[in-house]
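Q: Before we start, here is the structure in question, set down as structure tokens.
Derivation of every value follows stated rules applied to the coordinates shown; laboratory data play no part. What you see is a predicted model; the values in this text were computed from it and never measured. Cβ atoms come from the backbone with ideal geometry, glycine included; neighbour counts cover every protein chain shown.
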Amino acid sequence: MNKWLALGVGGVLGTYARYAAAAWIPSLAGGGFPYGTLAVNLSACLIIGFFDSLAQARGLLGPTARLLLMTGFCGAYSTFSTLVLETSNLAADGQTLAALINYLGSGIAGFLLLRAGMWLGTIV
């Protein structure tokens, strides 16, 4: 399979899966809290960890399968899983400070930049 096709197919499937999960989970759990997003982010971490293990530790996923499943599907399903995987890789490489900066910086800076973008949207 062509790498661009693999990426596209994975992305479409991840997008549909995210939409379905984000719509279905709140219908079970109720409103008032973003249960759908939480469930998607946590399940994406499980999924990308599983795929990474199949690729790295067991050698069962080649480059095209990684594009389809990890970059395409998981990337469209939730980029949070990529943040966690990359942070884990930094920690595994002994770069604990870099891992903390990556994880906390993404969350804190992301929140602050979101609020800045919202503010900019009100003054334009």
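Q: Show that you can apply the helix-only estimate: for the chain, add -39,500 (n - 2.57) for every DSSP H stretch of four or more residues, divide by all residues, and state [θ] at 222 nm to the nearest 500.
A: Numbers: 5 runs with 94 residues, N = 124.
Value at 222 nm, helices only, nearest 500: -26000 deg cm²/dmol.
Q: Length gain on complete extension for the stretch Arg58 to Leu28, per 0.36 nm per residue less the alpha carbon to alpha carbon distance?
A: Extra length from Arg58 to Leu28 when fully extended: 7.2 nm.
Q: While we're here: Two decimals, Cα atoms only, Kirkwood Rh: what is Rg/Rh over segment 43-114? Could you put the intermediate results ahead of the total?
A: Values: Rg = 13.2 Å, Rh = 12.9 Å.
Radius of gyration relative to Kirkwood radius: 1.02.
Q: Test of understanding: what is the full-extension gain from Leu38 to Ala98, defined as 0.36 nm times their sequence separation minus their Cα-Cα distance?
A: Values: separation 60, 0.36 × 60 = 21.60 nm, distance 2.47 nm.
Full-extension gain reported as 19.1 nm.
Q: Under a Cβ-only charge scheme (Lys and Arg +1, Asp and Glu -1), can you give me the dipole magnitude of the chain about the Cα centre, in debye to the nearest 20?
A: 200 debye
Q: Report, as a whole number in µm² per second, the diffusion coefficient that Stokes-Einstein gives for the chain at 25 °C and 0.890 mPa s using the Kirkwood radius over alpha carbon pairs.
A: Details: Rh = 16.1 Å.
Rounded, D is 153 µm²/s.
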